[in-house]
Amino acid sequence: MYYLHYDETTGLIIGAPYHSAIHGKEVPVYNTEPIITEIPEVDESGNNVIGEDDLPIMKIITQEIGTMQTGTVLDLSAIPTPHIEITDNEHGDWMQNQATRKVDIRTKKLVEYTPPEPAPVIITPTTDQDLADVWEAIFALSAEKEGGI
């Protein structure tokens, strides 16, 4: 599965994509209660030992807490929070439309987004005294030319 890390105030994606196969790891889970199992007793030949009631004699095996693996969980602690899980299709959509997708804070779903227009960038050239003198001379010549010289 894929995961997108987002800003919890704006919903904008700030770290992505993460994948469970790379950033997650399977961790074993062990029994939290004793596991009690009954199994038939066997003799040295491997045959069930039969009791007086013509039924196999059963013995009880107890597995203590934390001694039997009962499954696994995926540890995603390497993925920063908050994050959402997305499908392969959502991942493909996000990869093609990164600038126009964000997380809806309320639903925790990937949604379309129209970013604001960027503010215009005004570039102010640096000036030193020599350059200022050159411009002053250009303006003076321009003014003289307009005056009919």
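Other residues whose C-beta falls under 12 angstrom from the C-beta of residue 95 contribute a net charge of -2, scoring Lys and Arg +1 and Asp and Glu -1. Could you please report the charge total around residue 58, scoring K, R as +1 and D, E as -1 over all other residues with beta-carbon less than 11 angstrom from its beta-carbon? Within the 11 Å Cβ shell, the charges total -1.
Angle of helix 129-146 to the longest C-alpha principal axis of the chain, folded into 0 to 90 degrees and rounded to 10: 50°. Taken along the Cα-to-beta-carbon direction at a fixed 7 Å, the label points for residue 104 and residue 143 span 6.4 nm. A DSSP coil position with no more than 13 other Cβ atoms inside 10 Å describes the following trypsin sites (Lys or Arg not before Pro) in the range 41-149: 106, 108. For Cα extents along the principal axes in Å, the value calculated from this model appears in [x] 71, 48, 30; [y] 135, 32, 26; [z] 69, 30, 27 under label [y]. Where in the range 23-39 does the label zone of residue 70 land, with the point 7 angstrom along Cα→C-beta and an amide N cut-off under 13 Å? Once the point is set 7 Å along Cα→Cβ of residue 70, 29-36 turn out to lie under 13 Å by backbone N, inside the range 23-39. Just in the range 33-109: which GluC sites (Glu not before Pro) are loop by DSSP and have at most 13 other Cβ atoms within 10 Å? When the GluC sites (Glu not before Pro) of the range 33-109 are filtered for loop state and at most 13 Cβ neighbours within 10 Å, 41, 44, 52, 64 remain.
Straight Cα distances below 17 angstrom link residue 108 to the aspartates and glutamates 7, 8, 85, 88, 90, 93, with same-chain residues fewer than 8 positions distant left out.
Quick note: the coordinates plus some simple rules give every number you see, no bench work behind them. Quick caveat, the model's predicted, so the values are computed rather than measured. Positions of Cβ are backbone-derived with ideal geometry, glycine not excepted, and every protein chain shown enters the neighbour counts.
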